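Asks: Starting off with a structure, shown below.
The values are calculated or read from the model by the stated rules, or taken from the named source; none is laboratory data. Keep in mind the model is a prediction, meaning the values are calculated, not measured. All Cβ positions, glycine included, derive from the backbone under ideal geometry; neighbour counts span all protein chains shown. Side chains are part of the model used for accessible areas, which takes the heavy atoms of the whole protein and leaves out ligands, DNA and RNA. Shrake-Rupley method; radii C 1.70, N 1.55, O 1.52, S 1.80 Å.
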Amino acid sequence: MEKQWNWGIIAPGKIAEKFASDIKLVDGANLYAVASRTLGKAQAFANQFDAEIAYGSYEELAEDPNVDIVYIASPHPFHFEHSLLCLKNDKHVLCEKPMGMNAQQVEELSKVAKDNNLFLMEALWTKFIPSFRKCYELVHEGHIGEVKYIQANFCFKAEYDISKRLFNKELGGGSLLDIGIYPVFFALELAGKPDEILASAVIGKTGVDENCNIVFTYRQKGISASLSSSFQVNTPSEALIAGTKGYIRMYSKWHEPTSLDAVIDGHIHHYAFDESGFGYQYEIEEVMNCLIRGDSQSTEFPLAKSLRLHETLDSIRQQIGLEY
Ligand SMILES: NC(=O)c1ccc[n+]([C@@H]2O[C@H](COP(=O)([O-])OP(=O)(O)OC[C@H]3O[C@@H](n4cnc5c(N)ncnc54)[C@H](OP(=O)(O)O)[C@@H]3O)[C@@H](O)[C@H]2O)c1
């Protein structure tokens, strides 16, 4: 019989619910345990998503020898501590984005995972969704010619409530780390690290960025990228990548499974994709495939790519004067 991989979930908040629902779509993945700071909450989550065990502390889950891999879904500032807790207890880890509050934390976690031969990946799920994979394939096979221009934004009007994490600096609030990470990821994946970064932001009264605008310039390749994030307004949140032979337009919300058009030499090619689940099943499949092969990193989204992403986010934050 095929081995079942036992997943544990730390911090059952909003995203953990979607993730737990998508685990059911992946062969060989079993939601085994969930841990909350409050036992009753863990029990309710376990009942809702059919997990076998509920724990009232993250430590208990990390110490359970039956857990193979842990999905960390706490607010950003705790990702480092909770990932480390699991790695030190010999667990493989899939950590929500951003994997650390800075590149140094990402580097440290990567080292611990490598030294202990444990799997570690940042849950940058967009990398694995069919629409992004198609966009990446079209670009890398040269269908739109040489890439010259990239545009991506991710904006929504967030509820102003500082008891929640989005505007709360102690909980890692701010649009860049929460949603701006996606447009930055998009440009890095499709064009690599830029030669120049220009960033500016509106910092709100809680000290975090409520709007962030970023321009990447690639002098050698002749590419520019215009990227933005905001908690102040709703926008369609689309992405565009244009080259010398055509362009690709990813529709709203481009960072999750969606449709896209590729306009190549004036001809429109429309691509639509499977819309089952929330779209987290694709990153879960990637993790499962790596575990089955015995790989301690994803080849598609290796730790070096997370490090590049976080070095870039650090540079942007330095320019907008945001320190955590
Ligand atoms: N991939 C995606 O599409 C996506 C989407 C949304 C969010 N995320 C990421 O997932 C993480 C969680 O986001 P979320 O929206 O699910 O957050 P959330 O609803 O606020 O849930 C976070 C959970 O973390 C736990 N927690 C531990 N220490 C905490 C503290 N000091 N204050 C508040 N909560 C604490 C809480 O669970 P217990 O009290 O039960 O332990 C809470 O339910 C974020 O880092 C975010 O970037 C990813």
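Okay, residues lined up against (1) open to solvent by less than 10 Å² (accessible area, probe 1.4 Å); (2) within 14 Å of the ligand (Cβ to nearest atom):
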{"position": "W7", "(1), (2)": "yes, no"}
{"position": "D22", "(1), (2)": "yes, yes"}
{"position": "D27", "(1), (2)": "no, no"}
{"position": "E81", "(1), (2)": "no, yes"}
{"position": "L84", "(1), (2)": "no, no"}
{"position": "N89", "(1), (2)": "no, no"}
{"position": "K111", "(1), (2)": "no, no"}
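Asks: Six or more apart or on different chains, Cβ under 9 Å: which pairs go from a residue in the stretch 34-46 that's assigned by TED's automatic domain parsing to the domain that holds K14 and open to solvent by 80 Å² or more (accessible area, probe 1.4 Å) to one that's more than 6 Å from the ligand (Cβ to nearest atom) and part of a helix (DSSP H, G or I)? Could you list them?
Replies: R37/Y58
Asks: OK, next. Considering only the stretch 301-321, how many residues are of a type in the set (S, T, N, Q) and crowded, with 21+ Cβ neighbours inside 10 Å?
Replies: Summing the residues that are of a type in the set (S, T, N, Q) and crowded, with 21+ Cβ neighbours inside 10 Å in the stretch 301-321 gives 2.
Yes/no per residue for (1) open to solvent by 20 Å² or more (accessible area, probe 1.4 Å); (2) in a strand (DSSP E or B):
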{"position": "A158", "(1), (2)": "no, no"}
{"position": "F167", "(1), (2)": "no, no"}
{"position": "Y182", "(1), (2)": "no, no"}
{"position": "A187", "(1), (2)": "no, no"}
{"position": "A201", "(1), (2)": "yes, yes"}
{"position": "V233", "(1), (2)": "yes, no"}
{"position": "W254", "(1), (2)": "no, no"}
{"position": "D261", "(1), (2)": "yes, yes"}
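Asks: Going by the structure shown, is S21 out of contact with any strand residue (DSSP E or B) (no Cβ under 9 Å at 6 or more places or on another chain), among the small types (G, A, S), within 25 Å of P98 (Cβ to Cβ) and assigned by TED's automatic domain parsing to the domain that holds M99?
Replies: yes
Asks: Within the group S175, S237, S224, S200, which residue is of a type in the set (S, T, Y) and out of contact with any Ser or Thr (no Cβ under 7 Å at 6 or more places or on another chain)?
Replies: On inspection, the qualifying residue turns out to be S200.
Asks: Separate question: Could you check how many residues of the stretch 116-133 are touching a helix residue (DSSP H, G or I) at 6+ places or on another chain (Cβ under 9 Å) and either among the acidic types (D, E) or part of a loop (DSSP other than H, G, I, E, B) (or both)?
Replies: 7
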